[in-house]
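Heads up, the thing below is written out as structure tokens.
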Amino acid sequence: MSSENFDNLRLELRRGGLVVAVLAALHSEQYGYTLRKIMADHGIEIDEGTLYPLLRRLESQGLLTSRWREEQKRNKRFYKLTAAGKQILEQLLTEWRSMDSSINSILKEYGHATSRTVFASR
Amino acid sequence: MQLLERYLQAVKFWLPKDQKEDIIAELSEDIRSQIDDKEAALGHKLNEFELESILKQRGRPILVANRYLPQEHLIGPVLFPIYRLVVKIVLLCYLVPWIVTWLALLIFNSGYTAKFVGHSWVEAFGYLWASLWSTAFLAAGIVTLIFAILERVQRKSHFLEEWNPRKLPPVNNPNVISRFNSIVELAANFFFCVWWTAHMSSNLILNEVNLRISLAPVWRYFFWGFLLVAFVNIGLAAVNLVRPYWTASRATARLLSDIAGSVLFCWLLKANLLVEIAGASIPPAKALQLTTAINFWMAKMFLVAIILGVVIAVVNIFRIVRVAALQSHIPGERAAMA
């Protein structure tokens, strides 16, 4: 498989995961730049061109709330999970774990006896 | 920092009006935070090149702004396959008659070819090319416009989601020969043979009181040649009726029969076949003029006949390749039925 194919499939695989990761990281209030750093520290690189439009979309869906606040003499926009966001996050995590379990079960049954957990969500 | 301001201004230009300020404020803050981090790591203020490197990494302003815009399309993924098919059909329906008309003008209309006298080949070709493409683009443009409107209607009404599986077309198998077609072919060739032997066996194909038409002695070759092709077609149609699917051998027989028919027809056009037209009410000079004119126009049709013959042969060859490919996958007669 070519590297381009892998990149496209990886992008598809990561897309849903990024939403879960962002929601999970916003249990505590963060602004965009620190959120990116938190994600990167945990092995999830996300560029600003993906993160900010995603934050706006999640906010327009009522899953996040944001406010401008001055910190270190600069105005920054802080995001935080709403009650609806918390509820959706729980549902997404349940779905995530169920899928993780299903894929591992398939891998075990069809020739991948030594397979480990596919997703690192546990 | 002027470079940063210029970058933000360029991004801002492409952003939606009601969100411009908000997005730029947040983007500006994000870039400044990155600059702060970089300066802390390097231990000095960033120079122009280092700032340029950060902005370059962020991406071209229009692409950065594009990520904040809603995903828009003129024709969406639901309608696009239909759109592509319709454009192909429209262009084909336009291009084929256009080429045929152009060839006809070139061959039969001396006034048309006179237009290009004194011009170079490049100029003449450029003229033709321009008239072909301007109309082709117009046709494709109209189809695109119609589909763009349909896309908007579809987005609101979702009319494509309403469908009935029972209305799906029957399974199409190009290797199956319609029995109806075989019967029509059989009947047509049979009546042709009867008519041909009854009326066309002699050089004197019309011998009435008022009109007499006679052909050159070479006609006997055409008579027997076309009769033989018709007999082969009858045999082929009869076999196709009993076993209504193409096999490589029968497709090859059809190719040979069509080639023989085409060669005979092309030869006929060039053979100066008409020897005499005579009638009580036709003056001899007029009859001679008519005979020469008919032979002349028949010869003029030669190129068109060759093109038609080639098209027929290509269709036949395509059929042979298709049947052979299928038979190589599934051996035996089942392949044709598959």
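The values are calculated or read from the model by the stated rules, or taken from the named source; none is laboratory data. On a predicted model such as this, the values are computed, not experimentally measured, just so you know. For neighbour counting, all protein chains shown are included, and Cβ atoms are generated from backbone atoms with ideal geometry for every residue, glycine included.
Which of the numbered conditions does B:Ala216 fail, given that it passes all the others? Conditions: (1) in contact with a helix residue (DSSP H, G or I) (Cβ under 7 Å, 6 or more places away or on another chain); (2) under 30 Å from B:Cys266 (Cβ atoms).
It is condition (1) that B:Ala216 fails.
When you look at A:Arg67, is it exposed (fewer than 12 other Cβ atoms within 10 Å of the Cβ) and under 23 Å from B:Leu15 (Cβ atoms), yes or no?
On the way: exposed (fewer than 12 other Cβ atoms within 10 Å of the Cβ): yes; under 23 Å from B:Leu15 (Cβ atoms): yes.
Criteria met by A:Arg67.
Across the stretch B:33-53, what is the total count of residues that are in a helix (DSSP H, G or I) and away from chain A (no Cβ under 11 Å)?
11
Determine whether the stretch A:6-19 contains at least one residue that is out of contact with any Asp or Glu (no Cβ under 6 Å at 6 or more places or on another chain), within 30 Å of B:Lys56 (Cβ to Cβ), in contact (Cβ under 8 Å) with a residue 60 or more places away in the chain and among the β-branched types (Val, Ile, Thr).
Yes - at least one qualifying residue is present in the stretch A:6-19.
Give me a count of the residues in the stretch B:285-338 that are touching a strand residue (DSSP E or B) at 6+ places or on another chain (Cβ under 8 Å) and at pLDDT below 85.
Residues meeting the conditions: 3.
Among the residues of the stretch A:57-74 satisfying the criterion of being under 14 Å from the mean Cα position of the chain (by Cα) and not in a helix (DSSP H, G or I), which is farthest from the other protein chains (Cβ to nearest Cβ)? It would help to see each step written out before you state the result.
First pass over the stretch A:57-74, keeping only residues under 14 Å from the mean Cα position of the chain (by Cα): A:57-58, A:63-64.
This time we only want the ones that are not in a helix (DSSP H, G or I), so: A:63-64.
Details: A:Leu63: 18, A:Leu64: 13 Å.
So, considering only residues that are under 14 Å from the mean Cα position of the chain (by Cα) and not in a helix (DSSP H, G or I), the one farthest from the other protein chains (Cβ to nearest Cβ) is A:Leu63.
Quickly run through the stretch B:79-107 and pick out the residues that are surrounded by 14 or more Cβ atoms within 10 Å (Cβ to Cβ) and in contact (Cβ under 8 Å) with a residue 12 or more places away in the chain.
Answer for the stretch B:79-107, where residues must be surrounded by 14 or more Cβ atoms within 10 Å (Cβ to Cβ) and in contact (Cβ under 8 Å) with a residue 12 or more places away in the chain: B:Leu79, B:Tyr83, B:Val86, B:Val87, B:Val90, B:Leu91, B:Tyr94, B:Leu95, B:Trp98, B:Trp102, B:Ala104, B:Ile107.
For the stretch A:75-97, does any single residue satisfy the condition of being within 14 Å of chain B (Cβ to nearest Cβ), in contact with a Lys or Arg (Cβ under 8 Å, 6 or more places away or on another chain) and free of Cβ contacts under 8 Å to residues at least 24 places away in the same chain?
So in the stretch A:75-97, the residues within 14 Å of chain B (Cβ to nearest Cβ) come out as A:75-79.
Checking the rest, the ones that are also in contact with a Lys or Arg (Cβ under 8 Å, 6 or more places away or on another chain) come to A:75-78.
With the extra rule that they be free of Cβ contacts under 8 Å to residues at least 24 places away in the same chain, the set shrinks to A:75.
The answer is yes, given that some residue of the stretch A:75-97 is within 14 Å of chain B (Cβ to nearest Cβ), in contact with a Lys or Arg (Cβ under 8 Å, 6 or more places away or on another chain) and free of Cβ contacts under 8 Å to residues at least 24 places away in the same chain.
Evaluate the following for B:Ala251: is it outside any helix (DSSP H, G or I) and modelled with pLDDT under 95?
Numbers: outside any helix (DSSP H, G or I): no; modelled with pLDDT under 95: yes.
Considered against the rule, which asks whether it is outside any helix (DSSP H, G or I) and modelled with pLDDT under 95, B:Ala251 comes out as no.
Going by the structure shown, is B:Ile99 of a type in the set (Val, Ile, Thr) and within 14 Å of chain A (Cβ to nearest Cβ)? Spell out how you get there, then give the answer.
Numbers: of a type in the set (Val, Ile, Thr): yes; within 14 Å of chain A (Cβ to nearest Cβ): no.
It is false that B:Ile99 is of a type in the set (Val, Ile, Thr) and within 14 Å of chain A (Cβ to nearest Cβ).
Return the residues of the stretch B:199-224 that are in a loop (DSSP other than H, G, I, E, B) and among the hydroxyl-bearing types (Ser, Thr, Tyr); say none if nothing qualifies.
Residues of the stretch B:199-224 that are in a loop (DSSP other than H, G, I, E, B), as a first pass: B:200-203, B:208-211, B:216-218.
Correct list: B:Ser201, B:Ser202.
Kindly list, by first and then second residue, each pair from a residue in the stretch A:45-65 that is farther than 14 Å from A:Val20 by Cβ to a residue that is assigned to a helix (DSSP H, G or I) and modelled with pLDDT under 90, limited to pairs with Cβ atoms under 6 Å and residues at least 6 apart or on different chains.
Hits for this filter: zero, empty list.
Can you work out which of the residues in the stretch B:62-78 that are surrounded by 15 or more Cβ atoms within 10 Å (Cβ to Cβ), within 11 Å of chain A (Cβ to nearest Cβ) and in contact (Cβ under 8 Å) with a residue 40 or more places away in the chain is nearest to the chain's Cα centre (by Cα)?
Restricting to residues being surrounded by 15 or more Cβ atoms within 10 Å (Cβ to Cβ), within 11 Å of chain A (Cβ to nearest Cβ) and in contact (Cβ under 8 Å) with a residue 40 or more places away in the chain, the top hit is B:Asn66.
Residue by residue through the stretch B:1-16, note down the ones that are more than 12 Å from every other protein chain (Cβ to nearest Cβ) and either at pLDDT 90 or above or surrounded by 18 or more Cβ atoms within 10 Å (Cβ to Cβ) (or both).
Initially, the stretch B:1-16 is screened for residues more than 12 Å from every other protein chain (Cβ to nearest Cβ), giving B:1-10, B:12-14.
Answer for the stretch B:1-16, where residues must be more than 12 Å from every other protein chain (Cβ to nearest Cβ) and either at pLDDT 90 or above or surrounded by 18 or more Cβ atoms within 10 Å (Cβ to Cβ) (or both): B:Leu3, B:Leu4, B:Glu5, B:Arg6, B:Tyr7, B:Leu8, B:Gln9, B:Ala10, B:Lys12, B:Phe13, B:Trp14.
Considering the stretch A:1-56 alone, what residues qualify as being surrounded by 17 or more Cβ atoms within 10 Å (Cβ to Cβ), more than 14 Å from chain B (Cβ to nearest Cβ) and outside any helix (DSSP H, G or I)?
The answer is A:Leu26, and nothing else.
List every residue pair whose Cβ atoms lie under 7 Å apart, where the two residues are 6 or more positions apart in sequence or sit on different chains, the first residue falls within the stretch B:19-34 and is farther than 16 Å from B:Asn66 by Cβ, and the second residue, located anywhere, is acidic (Asp, Glu).
Taking only residues 6 or more apart or on different chains, the pairs are B:Asp30/A:Glu48.
Which members of the stretch B:163-198 meet the condition of being assigned to a helix (DSSP H, G or I) and among the aromatic types (Phe, Trp, Tyr)?
Restricting attention to the stretch B:163-198, the residues satisfying the condition of being assigned to a helix (DSSP H, G or I) are B:165-167, B:179-198.
Matches in the stretch B:163-198: B:Phe180, B:Phe190, B:Phe191, B:Phe192, B:Trp195, B:Trp196.
Restricting the search to the stretch B:278-327, which residues are within 17 Å of B:Ser262 (Cα to Cα), touching a residue at least 40 places away in the same chain (Cβ under 8 Å) and loosely packed, with under 14 Cβ neighbours inside 10 Å?
B:Lys300, B:Ile307, B:Ile317
Based on what the data block shows, is B:Asn272 surrounded by fewer than 18 Cβ atoms within 10 Å (Cβ to Cβ), of a type outside the set (A, V, I, L, M) and in contact (Cβ under 8 Å) with a residue 12 or more places away in the chain? I'd like the intermediate steps shown before the answer.
Numbers: surrounded by fewer than 18 Cβ atoms within 10 Å (Cβ to Cβ): yes; of a type outside the set (A, V, I, L, M): yes; in contact (Cβ under 8 Å) with a residue 12 or more places away in the chain: yes.
In short, yes.
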